[in-house]
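Accompanying notes for the structure given below.
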Amino acid sequence: IYNGPPGLPRFCQDIGEHVAAIPGVVSVGAVAHLPFEGNAGRGFQVEGRPPAKPGDMPGADYSVACPNYFRTMGIPILKGREFTHQDSLSAPGVIVINETMARYFWPKEDPLGRAILLGGSSGPRLTVVGVVGDVHHLGLDVPVRRQFFRPYMQGAWPVMNLVVRTASAPGTFTPR
């Protein structure tokens, strides 16, 4: 599974500067897996919990996003924050989780500041910095699953989908 570093280190910053400069664009972001297009899955160890037995490692759906993805898509930030350009390869590893993942792994705790070890006990430590509202990612008729996101700059993905919020009908931004 591809796990960065990013091949285009300025990708998120460039789309933020160039696409956002188009008149009528309100917000812009990017994500590896759009809702209704599927997901990748990743296993991890929850820090501070007994190690999982082989074959029983917990996991969740996984995607990579640029700053402003959640805001652009209208996905509410319930706790903490979304990614910023400071969440770079040289910064501590961070994740944003959905509320289903927060309830499942930290049902009576604040998940902010908690961490997972990606891929198992020897994997990179990723700290929860935000909790976002649930999205029916696999379809409206499919129950919401646990999901977490990494910033593009820390866990790049080879294909990203641009998301743009506009002040008027999006069709007015396409060539006729």
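The values are calculated or read from the model by the stated rules, or taken from the named source; none is laboratory data. Everything quoted here is computed from the prediction, not taken from an experiment. Note that we place each Cβ from the backbone using ideal geometry, even for glycine, and neighbour counts take in every protein chain shown. Just the protein is used for accessible areas: all its heavy atoms, side chains included, with ligands, DNA and RNA removed. Shrake-Rupley method; radii C 1.70, N 1.55, O 1.52, S 1.80 Å.
Before moving on, here are some points about what is shown:
- Residue match in segment 143-162 (condition: over 25 Å from SER27 (Cβ atoms) and either open to solvent by less than 10 Å² (accessible area, probe 1.4 Å) or in contact with an Asp or Glu (Cβ under 6 Å, 6 or more places away or on another chain) (or both)): yes
- Just one of the listed residues (GLY93, GLY41, GLY55, GLY59) is out of contact with any His (no Cβ under 7 Å at 6 or more places or on another chain), at pLDDT 95 or above and either of a type in the set (Gly, Ala, Ser) or under 21 Å from VAL142 (Cβ atoms) (or both), namely GLY93.
- Among the residues of segment 118-134, those identified as out of contact with any helix residue (DSSP H, G or I) (no Cβ under 8 Å at 6 or more places or on another chain) and surrounded by fewer than 19 Cβ atoms within 10 Å (Cβ to Cβ) are GLY119, GLY120, SER121, SER122, GLY123, PRO124, ARG125, THR127.
- One residue alone among MET101, MET73 is under 23 Å from VAL25 (Cβ atoms) and touching a residue at least 12 places away in the same chain (Cβ under 8 Å), and that residue is MET73.
- Every test in (1) open to solvent by 50 Å² or more (accessible area, probe 1.4 Å); (2) under 16 Å from the mean Cα position of the chain (by Cα); (3) at negative phi is passed by PHE36 save one, and that test is (3).
- Picking from residues in segment 39-87 that are out of contact with any Phe, Trp or Tyr (no Cβ under 6 Å at 6 or more places or on another chain) and of a type in the set (Lys, Arg), the one that is farthest from THR166 (Cα to Cα) is LYS53.
- Meets criteria (among the hydrophobic types (A, V, I, L, M, F, W, C), out of contact with any Gly (no Cβ under 7 Å at 6 or more places or on another chain), in contact (Cβ under 8 Å) with a residue 12 or more places away in the chain and not in a loop (DSSP other than H, G, I, E, B)) for ALA91: no
- Any chance PHE70 is of a type in the set (Phe, Trp, Tyr), outside any loop (DSSP other than H, G, I, E, B), modelled with pLDDT of 95 or more and open to solvent by less than 20 Å² (accessible area, probe 1.4 Å): yes
- Some residue of segment 100-122 being under 13 Å from the mean Cα position of the chain (by Cα) and among the aliphatic types (A, V, I, L, M): yes
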